[in-house]
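To start, the structure under review is shown below, and the notes come after it.
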Amino acid sequence: MSPMPIRFADIAWPSARRYWLANARVPACLLVDPEALSATIDREGVVRADVLIADGRVARIEHPRARDDGIAEVDLGSRQIWPTLIDIHTHLDKGHTVERSPNVDGTFHNARLAAVADRPKRTAPDLRRRMGFGLRCAYAHGVSAIRTHIDTYPDSAERSWSVVREMRAQWAGKIDLQAVSLCPIDLLQDAFGDQVAALVAQSGGLLGGVARPSTDNHGAPSADIDAMLDRVFALAARHDLDIDLHVDETHDPAAATLPFIARAALRHGYKGRVVCGHCCSLAMQPDDVVDRTLDLLAEADIAVVTLPTVNMYLQDRQAGRTPRWRGVTVVHEMLRRGIRVAAAGDNCRDSFYAYGDHDVVDTFRQAVRILHFDHPLTDAPALVGSTPSKIGKFRGHGQLAIGGPARLIVFNARSLNEIVSRPQSDRVVVDCGERVTAKVPDYAELWDDECLPAEVAQVS
């Protein structure tokens with residue numbers, strides 16, 4: 001009978017600058033060069049490996065074997081190593097406002113109204129506090145790269161983007177932070193659009209927006225949608241900005257802005273430079289319409305980000321009625337066409353999603369279930385690792401490569417099934433070769449009695 005592997009809690013993590021993580025397992029889809037270890041691949045698409053960490057980087061990735069090289073070694077007992085992960089669609093500026101600006105019924109309509117009511121409360125100190133809280137959560141959970149959409153309106157643009165630049169500098173080396181402007185695209189049609197594009201370019205961001213009118217929810221494309229999109233693409237081209245849009249976030253099959261965006265990308269020579277998030281209504285359209293839209297997306301090389309937890313929370317919500325639809329777009333069909341698809345966390349404890357903790361492992365585990373991205377689980381980790389790494393050009397994040405930074409998550413799990421089945425609250429995060437000791441921040445840092453329900457405030 002084989003000896004019992006060392007208990008995860010008993011592993012002694014080295015402080016040495018060079019050490020082996022031995023007897024490890026890594027999903028092949030998270031390796032830059034999986035072919036080198038293909039002889040050990042299992043039915044879940046996971047390979048066995050020894051990983052040498054040296055001076056904060058991954059020095060070697062080899063087949064497991066006995067060694068006598070004098071280098072410290074940690075035997076992981078066939079547990080999994082992943083690279084730190086990427087949240088490629090978030091809203092850090094809205095995060096943790098659910099108690100002061102709640103969504104009264106959980107619908108998209110009232111989420112939007114609550115967010116509008118909350119915007120004046122987002123002073124620079126408030127943004128620093130909540131965005132910093134969210135980044136600390138993400139870092140402790142093993143997230144090393146984030147793309148956040150930032151509400152960008154005439155009364156808040158300069159203030160919000162100034163804080164974004166501060167936070168990006170503060171977190172440099174720990175979290176690679178990208179930012180995208182966010183407002184309905186009809187607001188970009190006049191001089192404010194020029195202001196936004198210049199501000200985004202100055203801040204090293206991406207040009208974004210919501211492909212719906214500023215006065216309404218997502219629905220059928222307006223008569224001037226081509227002209228509005230041409231303006232957005234012209235602004236982006238003038239400043240050499242990539243584009244990331246919120247698209248068709250509704251159950252209404254008449255909402256079909258996605259093909260207009262694909263055609264605009266082709267018109268303006270933006271192939272491979274556009275990301276579209278949500279795209280929910282596509283799943284409600286006839287198969288022939290879906291096929292034509294996917295043909296356009298593939299031709300324009302548009303990447304898609306699905307937001308499973310938030311889409312399931314908001315879509316098909318009616319009081320007193322059980323939802324009939326999970327709210328997500330046609331992920332499997334997109335992947336069969338070669339369209340790049342990532343999954344992300346989206347909103348966190350705000351009016352659009354009342355829950356969450358900036359934990360991409362949790363996002364991954366829920367995405368697998370919501371999207372039926374299992375049986376097999378082989379390619380599932382790519383949704384939050386290698387694919388968003390390529391989409392966002394996040395070098396050194398989401399993939400394990402020789403010579404790359406040793407940013408890792410070590411799980412107390414041998415199989416992908418075990419990772420999906422438990423919350424992995426005992427995971428170990430490694431940053432540049434050193435174990436991360438930071439914990440998620442205490443909610444007490446955000447507690448303001450005036451933000452709590454009256455009965456709770458009285459107790460506190």
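The values are calculated or read from the model by the stated rules, or taken from the named source; none is laboratory data. Just so we're clear, the structure is a prediction, and the values are computed from it rather than from any experiment. All Cβ positions, even for glycine, are placed from backbone atoms using ideal geometry, and neighbour counts span all protein chains on display. Just so you know, the surface numbers come from the protein's heavy atoms only, side chains and all, with ligands and any DNA or RNA stripped out. Shrake-Rupley method; radii C 1.70, N 1.55, O 1.52, S 1.80 Å.
Details
- Check on Val361, under 21 Å from Gln178 (Cα atoms), out of contact with any Asp or Glu (no Cβ under 9 Å at 6 or more places or on another chain) and either open to solvent by 10 Å² or more (accessible area, probe 1.4 Å) or β-branched (Val, Ile, Thr) (or both): yes
- Qualifying residue in region 396-418 (condition: in contact with a strand residue (DSSP E or B) (Cβ under 7 Å, 6 or more places away or on another chain), β-branched (Val, Ile, Thr), open to solvent by less than 10 Å² (accessible area, probe 1.4 Å) and not in a strand (DSSP E or B)): no
- Meets criteria (in contact with a strand residue (DSSP E or B) (Cβ under 8 Å, 6 or more places away or on another chain) and touching a residue at least 40 places away in the same chain (Cβ under 8 Å)) for Arg130: no
- Note on region 77-136: residues that are farther than 19 Å from Cys183 by Cα and among the aromatic types (Phe, Trp, Tyr) total 2.
- Number of the condition not met by Ala111 [criteria: (1) closer than 30 Å to Asp426 by Cβ; (2) in a helix (DSSP H, G or I)]: (1)
- Among the residues of region 440-460, those identified as touching a Lys or Arg at 6+ places or on another chain (Cβ under 9 Å), at pLDDT 95 or above and not aliphatic (A, V, I, L, M) are Pro441, Glu445.
- A single member of Leu135, Leu235, Leu199, Leu187 is among the hydrophobic types (A, V, I, L, M, F, W, C), at pLDDT 95 or above and either within 17 Å of Val275 (Cβ to Cβ) or in a loop (DSSP other than H, G, I, E, B) (or both), and it is Leu235.
- Any hit, region 71-85, residues being among the β-branched types (Val, Ile, Thr) and crowded, with 24+ Cβ neighbours inside 10 Å: yes
- When the criteria are applied in full, Asp295 fails the requirement of being within 24 Å of Leu408 (Cβ to Cβ) and of a type in the set (Asp, Glu).
- Picking from residues in region 230-258 that are under 18 Å from Ser281 (Cα atoms) and touching an Asp or Glu at 6+ places or on another chain (Cβ under 9 Å), the one that is most open to solvent (accessible area, probe 1.4 Å) is His251.
- The residues on offer are Asp68, Asp93, and the sole one that is open to solvent by less than 10 Å² (accessible area, probe 1.4 Å), charged (D, E, K, R) and either in contact (Cβ under 8 Å) with a residue 60 or more places away in the chain or not in a strand (DSSP E or B) (or both) is Asp93.
- Only residues that are closer than 21 Å to Asp295 by Cα, in contact (Cβ under 8 Å) with a residue 12 or more places away in the chain and not small (Gly, Ala, Ser) were counted in region 336-382, giving 4.
- Hits in region 32-48 - residues which are in a strand (DSSP E or B) and open to solvent by less than 10 Å² (accessible area, probe 1.4 Å): Val46, Val47
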